[in-house]
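These notes concern the structure reproduced below.
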Amino acid sequence: MGKPGSNLTRRSLLISSSLLVPGIHLLNAFAWVSDSLTGYPARPVPFTEVDIDDEFWAPRMEVNRNVSIWHCFERMKRFEAFGASKLVEAAAYMIAKRPDPKLEEYTDGVIDKIIAGVEPRLADPDKAVRLPGHFLEAAVAYYGATGKRKMLDVALEDANVIDKNFGPGKKTYISQHEGQKIGLIQLYLQTGDVRYLNLAKFFLDERGKEDYPRAGEYAIDRTYAQDHEPVIAQKEAVGHCVRATFLYIPLTDLAALTGQPEYADASRAIWADMVYKKLYLTGSIGSVRFHEQFGAAYELPNLSGWNETCASYGNIVWNHRMFLLDRDAKYIDVMERALYNGFADGVSLKGDRFFYQNPLKSFGNYERFDWIDVPCCPPNVVRLTASLGSHIYARSSDSIYVNLFVTSRAKIKVRNDVTVVLRQETRYPWEGSIKIEVNPEREESFAIQVRIPGWARNEVVPGNLYRYMEHSNQEPTLTVNDRPHETKVDRGYVRIERKWKKNDVIRLTLPMPVRRVRANALALENRDMVALQRGPLVYCAEWPDNKGHALNLYLADDAVLSSQWRSDLLNGVEVITGNVMALEKGVDGNRLEARPHELVAIPYYAWSNRGAGEMAVWIARDPKQAWLLPIPPDPISSVTSSGGVPKKWTGYNDQNDHLSALYDGKDPVSSADESYLYFRMRPDSGTGSWIEYAFKTPTPISTAQVYWFDDGRFCRVPASWRVLYKDEGEWKPVENLDDYSVAKDKFNIMRFKSVTASAVRLEVEPQTKLYKAGEIGPPGANFLKEDTHWREFGLLEWRVS
């Protein structure tokens, strides 16, 4: 068999089956990559060779083992291949690290239930090809941990059915979820059977072709599943973010395994587009709720950003693969940012509640779920946390890479088959002091490459999407056996090459001042806003620490900030404190006043562990950007609507709907602006809808301005509207001088003959749209079981004068 990366492999991966490696060879399954098969220049040190006793991660891993996985098993309604397989994979990692008879016995039973649903599908190739890649990954992992072949045998049978029926000259298939290729490559890496690699390559290369029928949402918008053009021609991160990362992972794998440069070029171009234009400060991705997708460049809404936990999982795994391919620490910088922020907040500190969406702002009505109807995020949290050790260290032909700073002990093979034991001690991410003891079994020359994070080099993330407001002159320092060592950085690492002997010690010090972060001016929502970061951690203001609010704060550029350790808070955290200003209601309740306030900011990952309330990552720099539930402006005395208060809706994002949006005075960026509250109504067919301002005294009015909310999904501009005024207890239509317009992205201004009114009413007739069964539709933004007529409209502002 031609070695992957050879001329034969680059020319064609369709290798004769007579040259296949027979049987299964999993001598070290959790190494993930075998030196004889992979083309990756670097390889992770497997988690089975890494023992973590870190102050930050070890307790989380124990909660993951003792609470999270059992919570997920118990709440899983169906033990099917999609969600439950990830839990099997997580269980495999836990068992591989520490024998657990109870967990193993229970997982055996789960596997039986999964297989019972999978085996009937194998008789039909069209159903076999739809078996998720998670099943294949879990089968390899569980065999590696336990030696039990039941799940693996079914996975191999499935792969063989696919190989018999799909491929060049056979049937084709465009998977709606791209994880299939990850599973096939995993089978290849652990068996050496190149048929599975050929299949993964074939299915990846088929995307973007025109000769395969698509259906439903995938035909309407082929960017949704990254099927709009051939993968190697793609240069932008588009579509559903989870599906995207689950495509970019095998794309990067194939770049290494085949040696074909076009795969690597596409991976790098897509990565640059994502990091330079579409990455949240927390390392999360997914700007748009609808289809949980990437938005346009610099479209990074804080409140409505989807930032699915699964997407953070995929982003972490993909960036790790990119590091293995290019050996550049910029990928680890992004991986670490997502890991400590956008991923770590996906599970509660107790381990039994989970975020699906991870916003950077909350008006107080959003918190973690006990469970989610689509059980994808919790199992991804569990399996990545269980295998965290494989992301800390890596090795190449001549180097050991220290990528993450985690108190741990690792056994690593270097040149000449010498085993090196690394012992890392640190209180990271709270402190920047890292000690690395190096103990080779005998003296040997090799390099240790120690990562110097971008955040310690005045770089928030690669590119110019974010920047620190001030340049820090505090530089990292490094010593070897207490002697200073230069900190010249190459691709994010300081390379220390020498003949190492027992008890050699590297000490790295990373200064951790409190830093202010600004967003690129093209990220419109965060204009005149600032975020706080310390070390790798992004911070937020949350209501329990700030007198019940967070959005009312504003932080002057010259305010002095500091940090302090709080062992009594959120299992122990370093908080940021400082003097800021806060908008508060005056004693008469009729006006807002600015008052001094002592800010307490906590790490973003820890928010929503003390109940629902306001939260903000981006803090205003002046009072115009701060927010407090507004007081109706004069001469309005009360605001009511036909929708009733509260509205008992259960659909998507209802928690950010409030009547006060109409008079908060915030000029929207667009009709889809969800940076502040908005107001929506969903009247039944045949019923009217209205909003009313009552005045304190009869008031002359002659103009109405309406800014319609249209999220591009289910809430649309209305069909029509009109203004009425109340005169001596009777509602009368105004005599309009302008047409009633329903334009998006602007104030719709309608002038009318002046009237003196005791109240004014906005009557609205929404559009009625038919969503057919099988389509993605409201209210839950999921596939509909029956035809649905939907009537919904919304407003961002309504002003009368």
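Looking at 514, 505, 461, 450, which one is hydrophobic (A, V, I, L, M, F, W, C) and surrounded by fewer than 17 Cβ atoms within 10 Å (Cβ to Cβ)? First the steps, then the outcome.
Working: 514 fails: surrounded by fewer than 17 Cβ atoms within 10 Å (Cβ to Cβ); 461 fails: surrounded by fewer than 17 Cβ atoms within 10 Å (Cβ to Cβ); 450 fails: surrounded by fewer than 17 Cβ atoms within 10 Å (Cβ to Cβ).
Checking each option against the conditions leaves just 505.
The residue that is most open to solvent (accessible area, probe 1.4 Å), counting only those in segment 156-187 that are farther than 21 Å from residue 141 by Cβ and of a type in the set (D, E, K, R), is 164. Criterion applied to 365, 319 was being open to solvent by 10 Å² or more (accessible area, probe 1.4 Å) and not basic (Lys, Arg), and the one residue passing it is 365.
Listed by first and then second residue, the pairs linking a residue in segment 117-137 that is closer than 18 Å to residue 242 by Cβ and part of a helix (DSSP H, G or I) to a residue that is open to solvent by less than 60 Å² (accessible area, probe 1.4 Å) and among the charged types (D, E, K, R), with Cβ atoms under 7 Å apart and 6 or more places separating them unless they lie on different chains, are 133/181; 134/86; 137/89.
Residue 762: open to solvent by 20 Å² or more (accessible area, probe 1.4 Å) and touching a strand residue (DSSP E or B) at 6+ places or on another chain (Cβ under 7 Å), yes or no?
Values: open to solvent by 20 Å² or more (accessible area, probe 1.4 Å): no; touching a strand residue (DSSP E or B) at 6+ places or on another chain (Cβ under 7 Å): yes.
Against the criterion (open to solvent by 20 Å² or more (accessible area, probe 1.4 Å) and touching a strand residue (DSSP E or B) at 6+ places or on another chain (Cβ under 7 Å)), residue 762 does not qualify.
Restricting attention to segment 335-362, the residues being more than 12 Å from the chain's Cα centre (by Cα) and assigned to a helix (DSSP H, G or I) number 1. Close Cβ contacts (under 9 Å, 6 or more residues apart or on different chains) running from residues in segment 541-560 that are surrounded by 20 or more Cβ atoms within 10 Å (Cβ to Cβ) to residues that are in a helix (DSSP H, G or I) comprise 542/606; 549/543; 550/543. If you go through segment 427-447 and keep only what is surrounded by fewer than 16 Cβ atoms within 10 Å (Cβ to Cβ) and closer than 23 Å to residue 328 by Cα, you end up with 433, 435, 445.
Those strands (runs of 3 or more DSSP E) of segment 519-579 in which 1 or more residues are over 18 Å from residue 430 (Cα atoms) occupy 529-534, 537-542.
Annotation note: of 665, 644, the sole residue that is at pLDDT 85 or above, assigned to a loop (DSSP other than H, G, I, E, B) and at positive phi is 665. The residue pairs whose first member lies in segment 768-788 and is more than 18 Å from residue 712 (Cβ to Cβ), whose second member is small (Gly, Ala, Ser) and surrounded by fewer than 16 Cβ atoms within 10 Å (Cβ to Cβ), and whose beta carbons are closer than 7 Å, counting only pairs six or more residues apart or on different chains, are 774/216; 783/774; 784/773; 784/774; 785/773; 786/773; 787/773. Here segment 315-361 is the region considered, the condition is being modelled with pLDDT of 95 or more and hydroxyl-bearing (Ser, Thr, Tyr), and the residue that is nearest to residue 294 (Cα to Cα) is 331.
Contact map, segment 399-418: first residue of a type in the set (Phe, Trp, Tyr), second residue open to solvent by 10 Å² or more (accessible area, probe 1.4 Å), Cβ cut-off under 6 Å, separation 6 or more or different chains; pairs are 401/449; 405/426.
Among residues belonging to segment 274-299 that are out of contact with any strand residue (DSSP E or B) (no Cβ under 6 Å at 6 or more places or on another chain) and not in a loop (DSSP other than H, G, I, E, B), point out the one that is nearest to residue 236 (Cα to Cα). Walk me through it before giving the result.
Residues of segment 274-299 out of contact with any strand residue (DSSP E or B) (no Cβ under 6 Å at 6 or more places or on another chain): 274-280, 283-290, 294, 296-299.
Retained after the next criterion (residues that are not in a loop (DSSP other than H, G, I, E, B)): 274-277, 288, 290.
Numbers: 274: 7, 275: 11, 276: 11, 277: 10, 288: 16, 290: 19 Å.
Of everything passing the filter in segment 274-299, 274 is nearest to residue 236 (Cα to Cα).
Yes/no matrix, rows are residues, columns are (1) open to solvent by less than 60 Å² (accessible area, probe 1.4 Å); (2) more than 29 Å from residue 203 (Cα to Cα); (3) hydrophobic (A, V, I, L, M, F, W, C):
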position: 84; (1), (2), (3): yes, no, yes
position: 90; (1), (2), (3): yes, no, yes
position: 97; (1), (2), (3): no, yes, no
position: 110; (1), (2), (3): yes, yes, yes
position: 114; (1), (2), (3): yes, no, yes
position: 120; (1), (2), (3): no, no, no
position: 128; (1), (2), (3): yes, no, yes
position: 133; (1), (2), (3): yes, no, no
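Looking across segment 581-603, the residues that are modelled with pLDDT under 95 and open to solvent by 70 Å² or more (accessible area, probe 1.4 Å) come down to 585, 587, 588, 590, 591, 592, 595. Applying the criterion of being hydrophobic (A, V, I, L, M, F, W, C) and assigned to a helix (DSSP H, G or I) to the residues of segment 150-167, the residue that is farthest from residue 201 (Cα to Cα) is 151.
For segment 683-722: of the residues being of a type in the set (Val, Ile, Thr) and either without any contact (Cβ under 8 Å) to a residue 12 or more places away in the chain or not in a strand (DSSP E or B) (or both), which is surrounded by the fewest Cβ atoms within 10 Å (Cβ to Cβ)?
687
Does segment 206-223 include one or more residues that are in a helix (DSSP H, G or I), modelled with pLDDT of 90 or more and either under 19 Å from residue 267 (Cα atoms) or not β-branched (Val, Ile, Thr) (or both)? Yes, segment 206-223 contains at least one residue that is in a helix (DSSP H, G or I), modelled with pLDDT of 90 or more and either under 19 Å from residue 267 (Cα atoms) or not β-branched (Val, Ile, Thr) (or both).
The values are calculated or read from the model by the stated rules, or taken from the named source; none is laboratory data. Just so it is clear, the structure is predicted and the values come from calculations on it, not from any experiment. Every residue, glycine among them, receives a Cβ derived from its backbone with ideal geometry; neighbour counts consider all protein chains shown. The protein model used for the area step is the full one, side chains on, heavy atoms only, and it has no ligands, DNA or RNA in it. Shrake-Rupley method; radii C 1.70, N 1.55, O 1.52, S 1.80 Å.
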